[in-house]
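Novice: One structure coming up, written as structure tokens, with questions to follow.
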Amino acid sequence: LLTAGASHGLDLALKHLTQPGDTILLEDPTYFLALDIVRDYDVRVVPVPVDEHGLDVEALERSLREHQPRLLYTIPIWHNPTGATLPVARRRRLIELARAYDIIIVADEVYQMLGDADHTPPPLSTFGRDRVLSLGSFSKILAPGLRLGWIECSDRYMAKLARDGVLVSGGAMNTLVTAIAQSALELGIQDQYLETMRELYARRRRCMVRQLKASLSDGIHITEPHGGFFVWLELPEDVEVDALIADARDAGLLLKSGARFSPDSRPKSRTANGLRLCFACHSETRIREGCERLSQVLRRHVRG
Ligand SMILES: Cc1ncc(COP(=O)(O)O)c(C=O)c1O
């Protein structure tokens, strides 16, 4: 099903596959704008923790038992914001649990094609197509302004989604853009562009990780992703993240605090002491400069 981007895909899933009052599970942390989409619906949100290997499937089982949710929204590949990827064993377990507790999994896989091939597990639906709606997007592989994405799912869910009034009325969300993307695919432009961007992002990612590892003080944990757009830093508990972000702004750095990514509104969650760094849109020179400035700011806020 073609959508106006992965955001629209999530919106469609919530609109047609949940009922008011349902409980849905969100990772903590999760894509911050997904929180805004979920807020448009009358659903109860329960956060589920993630670790450096993605969704914590044991914590998930406890939540499934306790809350009887309808749907889980998860980012199993090069997570935004943590950069984590769910390993194959956890993927299998997740599908088993989805079947046992009868839930729908909305898998946001917009970064599936943007990682090193030997570190990229197959999409989640490979392990259980009956349970998974996979969200994809041209935003990450061609251009975000196109507003074009897709949902891949089984007929059972497709039948419900394809009845969407706006889609039926227009025939599709974005017909002209769809034709442009189709040409880009047929002419091989998409493949060439994707290859170029994968190499570029990998260079930027390695540059950022190398630079951070060389300059950050002890006590700061950094993820080392093999794909996606983000590196996640976890700061010691006693760091005042808001003061740090204000200080960073004075040094010309725009940082987004972990709290913005958390469905858990309680202050001082572990997520709130995270920082998301994005390497996708900066040259290696700017990344090096940015990391240098960041390490100076961190030195003032983190006791070694
Ligand atoms: C995990 C994730 N999902 C969805 C989106 C948005 O995708 P789209 O532009 O297709 O709505 C983003 C963009 O940052 C993202 O990181």
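Novice: Kindly list, by first and then second residue, each pair from a residue in the range 70-83 that is touching a residue at least 60 places away in the same chain (Cβ under 8 Å) to a residue that is charged (D, E, K, R) and part of a loop (DSSP other than H, G, I, E, B), limited to pairs with Cβ atoms under 9 Å and residues at least 6 apart or on different chains.
Specialist: From the range 70-83, the pairs are ILE77/GLU109; THR82/GLU52; GLY83/GLU52; GLY83/GLU224.
Novice: Here are some residues: ARG205, ARG198. Which one is more than 16 Å from the ligand (Cβ to nearest atom), under 18 Å from the mean Cα position of the chain (by Cα), in a helix (DSSP H, G or I) and surrounded by 13 or more Cβ atoms within 10 Å (Cβ to Cβ)?
Specialist: Of ARG205, ARG198, the one residue that is more than 16 Å from the ligand (Cβ to nearest atom), under 18 Å from the mean Cα position of the chain (by Cα), in a helix (DSSP H, G or I) and surrounded by 13 or more Cβ atoms within 10 Å (Cβ to Cβ) is ARG198.
Novice: Something else: Tell me yes or no: at least one residue of the range 13-26 is within 15 Å of the chain's Cα centre (by Cα) and over 26 Å from LEU277 (Cβ atoms).
Specialist: There is at least one residue in the range 13-26 that is within 15 Å of the chain's Cα centre (by Cα) and over 26 Å from LEU277 (Cβ atoms).
Novice: Among the residues of the range 168-183 satisfying the criterion of being within 16 Å of the ligand (Cβ to nearest atom) and modelled with pLDDT of 95 or more, which is farthest from LEU14 (Cα to Cα)? Steps first, please.
Specialist: Looking only at the range 168-183, we keep the residues that are within 16 Å of the ligand (Cβ to nearest atom), and these are 172-174, 177-178, 180-181.
This time we only want the ones that are modelled with pLDDT of 95 or more, so: 177-178, 180-181.
Numbers: VAL177: 25, THR178: 24, ILE180: 28, ALA181: 26 Å.
The selected residue is ILE180.
Novice: May I pose another question? I'd like the residue in the range 1-10 that is within 28 Å of LEU277 (Cβ to Cβ) and touching a helix residue (DSSP H, G or I) at 6+ places or on another chain (Cβ under 7 Å) and, out of all such residues, is nearest to the ligand (Cβ to nearest atom).
Specialist: SER7
Novice: Now for a different question. Would you check which residues across the range 240-267 are of a type in the set (Lys, Arg) and touching a residue at least 24 places away in the same chain (Cβ under 8 Å) and list them?
Specialist: Of all residues in the range 240-267, those of a type in the set (Lys, Arg) come to 249, 256, 260, 266.
Result: LYS256, ARG260.
Novice: Of all residues in the range 254-304, count the ones that are under 22 Å from the mean Cα position of the chain (by Cα) and under 19 Å from ARG210 (Cβ atoms).
Specialist: Final tally of qualifying residues: 9.
Novice: Is it the case, given these coordinates, that ARG276 is in contact (Cβ under 8 Å) with a residue 40 or more places away in the chain, in a strand (DSSP E or B), over 20 Å from ARG198 (Cβ atoms) and of a type outside the set (A, V, I, L, M, F, W, C)?
Specialist: yes
Novice: Give all pairs with beta carbons closer than 8 Å in which a residue from the range 1-19 that is more than 15 Å from ASP108 (Cα to Cα) meets a residue that is assigned to a loop (DSSP other than H, G, I, E, B) and among the charged types (D, E, K, R); count only pairs at least 6 apart in sequence or on separate chains.
Specialist: That search, which allows pairs on different chains as well, returns LYS15/ASP164; HIS16/ARG163; HIS16/ASP164; LEU17/ARG70; THR18/ARG70; GLN19/ARG70.
Novice: Out of all the residues in the range 22-79, which are crowded, with 17+ Cβ neighbours inside 10 Å, in a loop (DSSP other than H, G, I, E, B) and within 16 Å of the ligand (Cβ to nearest atom)?
Specialist: Passing the criteria: PRO29, THR30, TYR31, ILE75, PRO76, ILE77, TRP78, HIS79.
Novice: Return only the number of the condition from (1) surrounded by 18 or more Cβ atoms within 10 Å (Cβ to Cβ); (2) in contact with an Asp or Glu (Cβ under 9 Å, 6 or more places away or on another chain); (3) of a type in the set (Ser, Thr, Tyr) that SER215 does not satisfy.
Specialist: Unmet condition: (1).
Novice: Quick check on this structure: which one of HIS8, HIS53 is within 14 Å of the chain's Cα centre (by Cα) and not acidic (Asp, Glu)?
Specialist: HIS53
The values are calculated or read from the model by the stated rules, or taken from the named source; none is laboratory data. Quick caveat, the model's predicted, so the values are computed rather than measured. As a convention, Cβ positions derive from the backbone with ideal geometry for all residues, glycine included, and neighbour counts pool all protein chains shown.
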